[in-house]
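Quick one: the structure is below, questions incoming.
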Amino acid sequence: MSAITRDEVAHLARLSRLALGEDELDHLAAQLDQIISAVARVQEVTAEEIPPTSHALPLTNVYRADEVRPSLTPEQALAGAPAAEEQRFRVPRILDEEA
Amino acid sequence: MTLIKKSAAELGALIASGEASAVEVAQAHLERVRAVDGQVHAFLHVDDEAVLAQARRVDERRAGGEELGPLAGVPIAHKDVFTTTDMPTTAGSKILEGWRPPYDATVTARLRKAGLVILGKTNMDEFAMGSSTENSAYGVTRNPWDLSRVPGGSSGGSSAAVAAYQAPLSTGTDTGGSIRQPAAVTGIVGTKPTYGGSSRYGIIAFASSLDTPGPFARNVLDAALLHEAFSGHDVMDSTSIDRAVPPVVEAARRADVNGLRVGVVKEFAGEGYQAGVLNRFNETVELLESLGAKVVEVGCPSFAYALPAYYLIAPSEASSNLARFDAMRYGLRVADDGTRSAEEIMALTRAQGFGPEVKRRIMLGTYALSSGYYDAYYGKAQQVRTLIARDFDNAFEQVDVLVSPTTPTTAFPIGERADDPMAMYLADLCTIPSNLTGNAAISVPCGLADEDGLPVGLQIMAPVLGDDRVYRVGAAVEKALEDRWGGPLLAKAPELAEAAK
């Protein structure tokens, strides 16, 4: 049995915002199946009482003073924008036309 | 000896005493880049005029009486994952082609402050995902020892530049072994500092709980000098450790192991390990014993699960971090013809701008974090992370440092693992545990494998903030081996043919 189906891979591509072609999906489905089967070994660690570790160092929240400090100018912030207008990022429509 | 073969410490001293100017040193290295980088392809960007301008500024600062550090005027190759305001920063990806960041990474800023001369930006696996530099969108980098082989990765441009004498120093980032593995397979020194010991501010994020900037050099002392130059607390990185940098330079100068307890990781041997790698490793362990170290074998049973845990944790974090490449604020945007929605353009841009390995990892991470799969994959991987930390804690109660081969094999041929992700992932088998727990680790050259005559690396691991220990042991091994060899390992590398001027 495969760890992941072709349909699931297509769904993952949608969730990941990747517009993949059919060939690419076929290729990835086989590779992801192989990788997921291999990494599933972590499930051999069955003891429930082991606490999870999300981070290498035991850090607590780090705060800084709430002070105004120099930041990027609008020109700097927009310098790499694919499109800009009136000191703003110009983006394609974000709603469907009927909305 | 020509300037390009000198160590960073020697170059710094020559420049400080006035025997050579920073400009002369920069020119010598630019000439070397021109002569050999056509074959090696370590660099993505070099601007001769900008390099010479930096070098002139260092000479002026010195002439003006400014007190500069030991590496002032020394050239350095900078991994293309660090933001630089005066050079493009692409992270090896088409999605960032030509991008000029509006700010410098903290590491970049500290290099400038210390007077290092940034020669250019080095090639890398796209978004630091890979172990061969073949995943770069801008072509492969070749191993100076054998141009048909990979230089390791993801920091393969940085390892190749140093091994090819294009720069005495370079920067890298190590998320699963991306400094230690390329150092090992090119016969140079590379360190993964303690996580939080070097700032992540301004490195293009891959897996934020693992990413660690660190140094490459041709010897242990040079690596320590660079480590010291860019490390230390940074208010711009909330996971940066607010403690003094461990005394790494002093440790590299001390270079002794007398009375030190050294543990050999039992699990890192056997099937999958090249015989020549194990031979050199075992000889080096004997050498440590002869130098006065007490060697014992240590079991770390959970290390067997480190690789699968890593390939859940790192892609999970990557899938979240790479969501920022949305075609809206910077980077590539395609197919914006006025009819398509933002979401369509986002998906088309990401499909075109990301390479295959990045797509694989984004999708793997998205899968591991999906509801219904989270507990079975990401949750279990986090438990493994705890078990690995316990193995390290247990080991470091018995010994001062742990040692293993850095990689199971020497440099593999270009193309051999390019479309076989699981084979590629095995290159980081021995390096991943230290990333999961954040401890310090180094790779130093320990000889050439009998089968192929290619470099083998010794990995030395120490607890969190025990960075000085890895330099102390690394320098002791280096000193003893260089006495035996009659010089550095890299002197055995074949001479690269220089292109006509």
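If Lys and Arg each add +1 and Asp and Glu each add -1, what is the summed charge of the other residues whose beta carbon sits under 14 Å from the beta carbon of B:M422?
Combined, the nearby Lys, Arg, Asp and Glu give -2.
About its Cα centre, what dipole magnitude does region B:339-411 give when the only charges are +1 on Lys and Arg Cβ and -1 on Asp and Glu Cβ, stated in debye to the nearest 20?
For this selection, approximately 400 debye.
While we're on this one: How much length would be gained if the chain were fully extended between B:K479 and B:D48, taking 0.36 nm per residue of separation minus their Cα-Cα distance, in nm to one decimal?
Taking B:K479 through B:D48 to full extension adds about 151.6 nm, to one decimal.
When the helices in the protein assembly as shown are scored as -39500 (n - 2.57) per DSSP H run of 4 or longer and the sum is shared across all residues, what 222 nm value do you end up with, to the nearest 500 deg cm²/dmol?
-11500 deg cm²/dmol
Roughly how many Å is it from the Cα centre of region B:357-417 to that of region B:56-84, as a whole number?
Using only Cα atoms to place each centre, the spacing works out to 37 Å.
Relative contact order for region B:154-223: what is it in percent, counting Cα pairs under 8 Å that are at least 6 residues apart?
It rounds to 38 percent for region B:154-223.
Going through region A:43-99, which GluC sites (Glu not before Pro) have at most 13 other Cβ atoms within 10 Å and a DSSP loop state?
Here the GluC sites (Glu not before Pro) that fit, given the DSSP loop and packing criteria, are A:E48, A:E49, A:E67, A:E86, A:E97, A:E98.
If you take each beta carbon of peptide A:15-26 and count the beta carbons of other chains within 10 angstrom, what is the mean?
That works out to 6 on average.
Continuing with this model, one more query. Using a simple spin-label model with points 7 Å from Cα along the Cα→Cβ vector, what separation in nm is obtained for B:Q352 and A:R88?
Result for the modelled spin labels: 2.5 nm.
For chain A, find the longest principal axis of its Cα atoms and tell me its angle to the long axis of helix A:22-39, 0 to 90°, nearest 10.
Compared with the principal axis, the helix lies near 60 degrees.
Which whole number gives the average count of other chain Cβ atoms within 10 Å of the Cβ atoms across peptide B:419-429?
Averaged over the peptide's residues, the number is 2.
Using the structure shown, select from B:K294/B:K380; B:K94/B:K492; B:K6/B:K192 the pairs with a Cα to Cα distance greater than 26 angstrom.
Violating the 26 Å Cα-Cα cut-off are B:K294/B:K380; B:K94/B:K492.
Return the loop-located GluC sites (Glu not before Pro) in region B:433-488 (DSSP other than H, G, I, E, B) with at most 16 other Cβ atoms within 10 Å of their own Cβ; answer none if there are none.
Sites meeting the loop and neighbour criteria: B:E451.
Each residue of region B:447-456 in order: what ³J(HN,Hα) in whole Hz does its phi give by Karplus 6.51 cos²θ - 1.76 cosθ + 1.60, θ = phi - 60°, with x for Gly and Pro?
Result, rounded to whole Hz: x, 10, 5, 5, 5, 10, x, 9, x, 10.
For peptide B:190-198, what's the mean number of Cβ atoms from other chains within 10 Å of each residue's Cβ?
Mean shielding by partner chains, rounded to a whole number: 1.
Which whole-Hz ³J(HN,Hα) couplings does region B:494-499 yield from phi under the Karplus relation 6.51 cos²θ - 1.76 cosθ + 1.60, θ = phi - 60°, glycine and proline marked x?
Here the 3J(HN,Hα) series is x, 5, 7, 5, 8, 5 Hz.
Sequence-distant or interchain residues sharing an amide H contact under 5 Å with B:T122, placed H: which?
Counting only residues 5 or more places away or on other chains, the set is B:L44, B:H78, B:K79, B:D80.
In whole Å, what is the distance between the alpha-carbon centres of region B:221-267 and region B:183-209?
A separation of 13 Å, based on Cα centres.
Taking amide H atoms as placed 1.01 Å from N in the peptide plane, list the residues 5 or more away in sequence, or in a different chain, whose amide H sits under 5 Å from that of A:R90.
HN-HN under 5 Å from A:R90: A:A83, A:A84, A:E85.
Any chance you could list the semi-axes, whole Å, largest first, of the equivalent ellipsoid that the Cα gyration tensor gives for region B:425-501, using √(5λ)?
Over the Cα atoms of region B:425-501, the semi-axes work out to 28, 17, 13 Å.
Would you please give the FRET efficiency between B:D242 and B:K113, computed as 1/(1 + (r/R0)^6) with r the Cβ-Cβ distance and R0 = 25 Å, to the nearest 0.05?
0.80
Here's something else I'd like to know. Amide H to amide H under 5 Å from B:S199: which residues, 5+ apart in sequence or cross-chain, H placed 1.01 Å off N in plane?
Amide H neighbours of B:S199: B:G232.
Report, in debye and to the nearest 20, how large the dipole of region B:184-293 comes out about its Cα centre when Lys and Arg carry +1 and Asp and Glu carry -1 on their Cβ.
I would put it at about 60 debye.
Would you mind calculating the gained length between B:R100 and B:E67 on full extension (0.36 nm times residue separation, minus the Cα-Cα distance), in nm to one decimal?
Difference between extended and current length: 8.8 nm.
Rank by packing, highest mean first: peptides B:417-423, A:33-39, with packing defined as the count of other Cβ atoms within 10 Å averaged across residues.
A:33-39, B:417-423
Since every read-out is calculated from the coordinates, none of them should be taken as a lab result. A quick note: this is a predicted structure, and the numbers were derived from the prediction, not measured. No Cβ is skipped: glycine too gets one built from the backbone with ideal geometry, and neighbour counts run over all protein chains shown.
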